[in-house]
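The values are calculated or read from the model by the stated rules, or taken from the named source; none is laboratory data. Model, not experiment: these values are computed from the prediction. A quick note on method: Cβ atoms are made from the backbone with ideal geometry, for glycine too, and the neighbour counts reach across all protein chains shown. Each accessible area value is taken on the protein alone, full model and side chains, heavy atoms only, with ligands, DNA and RNA left out. Shrake-Rupley method; radii C 1.70, N 1.55, O 1.52, S 1.80 Å.
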Protein chains: 2
Amino acid sequence: MTGGLVTIPARRGKAARVRGGQRIRVVNTHGTQVVDAWAFSAEDPAEWMAMEASRAWFMKLAAAVGDTFVTNRRRPILTLVEDTSRCPHDTLMAPCDRHRYGLLGVEGYHDNCRDNLHAALGELGITIPATPPSLNMFMNIPWTADGALSWGEPVSPPGSYARWRAEMDLVIAFSACPQDITLTAGLDPTDVLVRIR
Amino acid sequence: MTGGLVTIPARRGKAARVRGGQRIRVVNTHGTQVVDAWAFSAEDPAEWMAMEASRAWFMKLAAAVGDTFVTNRRRPILTLVEDTSRCPHDTLMAPCDRHRYGLLGVEGYHDNCRDNLHAALGELGITIPATPPSLNMFMNIPWTADGALSWGEPVSPPGSYARWRAEMDLVIAFSACPQDITLTAGLDPTDVLVRIR
């Protein structure tokens, strides 16, 4: 698909193909839901949106409206064009994975953003050789002047959204974060809506 | 090798095997030299030191003495045990690569930390499927309370060092950053000395 509505079910991931110039609206339907996001060049999925290259591009810890994320080849891939979420989108923290839930005391399997990413790409027949750092939309990670980080409670109102412009043909992948142990994603994972057009 | 002295030539990379419990002293011989660093599990190089998981572990933008970096499987790999450099070690910025120098106006090939990493690992017969974000030792990237980043001039005095403890059997890789276009690495790339014991 290269347009239309995509629902990311609670605790799950979903990927979609997007043409350069299209807009991607990520709606925090119920509020306070964290959405981990990744983007890949449609031509070569080994070229992906890189948080470490993007910070060096826009020279901020988190993007403001008008800022552009770049790939691991320093090419523009995604621009934040509108944002009603009242929350910076975290670029600092790793997506959750089964090791993280193990450390939090979870026994057995727990849904996690890393596995959701790979499953979502798998549905499109895409495999990648590693897990890139994620862009954690609506995730509230405050920092202080002396560099201390903390896990903030999520603040995005229901129905608020972030709108992005694709700067190349790309594959976008989302995970509606299944974090229900800490407050970071609001304890009660919900679905989110993505509109591409 | 699992001990001894390693010289990282100016503009080049070098990797070495380190046993768990050994100390790695990275000496900024001439001062102001930036050293990009990566670490990999000796058992499986797909398990690597992850900046995004490490920030979530020690909850800071940059490690202080006593803080431990973890892998992409959330296992401790490297602890900062002593530091005379007077400089935070940057965790935010991508290692330089040929795309970065292209954007800076360089025509033709320029030495870069990404290629240095892969070449250094190649000397040990190790290949990895992607370039992990680097730990940029002695790289001065100031942040402000509102999240703005800047390229600071390097401040590490000649002979100052950072000392690290290996928390597992690992492969460590360094690149004496060849950045000579901006002030970030001091314009005049030099060699650095690494002592493992």
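Annotations
- For region A:52-68, a tally of residues being open to solvent by 30 Å² or more (accessible area, probe 1.4 Å) and either within 13 Å of chain B (Cβ to nearest Cβ) or polar (S, T, N, Q) (or both) returns 4.
- Subset of region A:82-104 [more than 19 Å from B:LEU92 (Cβ to Cβ), more than 8 Å from every other protein chain (Cβ to nearest Cβ) and charged (D, E, K, R)]: A:GLU82, A:ASP83, A:ARG86, A:ARG98
- Residues being open to solvent by 10 Å² or more (accessible area, probe 1.4 Å), in a strand (DSSP E or B) and either more than 23 Å from A:ASP67 (Cα to Cα) or among the hydrophobic types (A, V, I, L, M, F, W, C) (or both) - total across region A:21-51: 2
- Scanning region B:119-130 for residues that are touching a residue at least 12 places away in the same chain (Cβ under 8 Å) and within 13 Å of chain A (Cβ to nearest Cβ) yields a count of 3.
- Among the candidates A:THR71, A:THR79, residue that is more than 13 Å from every other protein chain (Cβ to nearest Cβ), polar (S, T, N, Q) and open to solvent by less than 40 Å² (accessible area, probe 1.4 Å): A:THR79
- Residue in region A:89-99 that is at pLDDT 95 or above, part of a loop (DSSP other than H, G, I, E, B), over 30 Å from B:ALA145 (Cα atoms) and hydrophobic (A, V, I, L, M, F, W, C) present: no
- Evaluation of A:MET1 against (1) surrounded by fewer than 18 Cβ atoms within 10 Å (Cβ to Cβ); (2) at pLDDT 95 or above (one fails), failing number: (2)
- Residue match in region B:114-124 (condition: surrounded by fewer than 19 Cβ atoms within 10 Å (Cβ to Cβ) and assigned to a loop (DSSP other than H, G, I, E, B)): yes
- Test for A:THR131: is it in contact with a helix residue (DSSP H, G or I) (Cβ under 7 Å, 6 or more places away or on another chain) and of a type in the set (Ser, Thr, Tyr): yes
- Entry remark, region B:85-109: residues being farther than 18 Å from B:SER54 by Cβ and open to solvent by 50 Å² or more (accessible area, probe 1.4 Å) number 8 in total.
- Qualifying residue in region B:131-142 (condition: among the hydrophobic types (A, V, I, L, M, F, W, C), at positive phi and away from chain A (no Cβ under 14 Å)): yes
- Output for region A:143-160, where each listed residue is surrounded by fewer than 15 Cβ atoms within 10 Å (Cβ to Cβ), within 10 Å of chain B (Cβ to nearest Cβ) and assigned to a loop (DSSP other than H, G, I, E, B): A:THR144, A:ALA145, A:ASP146, A:SER150
- Taken together, the residues in region B:125-136 that are outside any loop (DSSP other than H, G, I, E, B) and closer than 17 Å to B:ALA16 by Cα amount to 1.
- Residue identified as over 29 Å from B:SER54 (Cα atoms) and open to solvent by less than 10 Å² (accessible area, probe 1.4 Å) among A:VAL6, A:VAL18: A:VAL18
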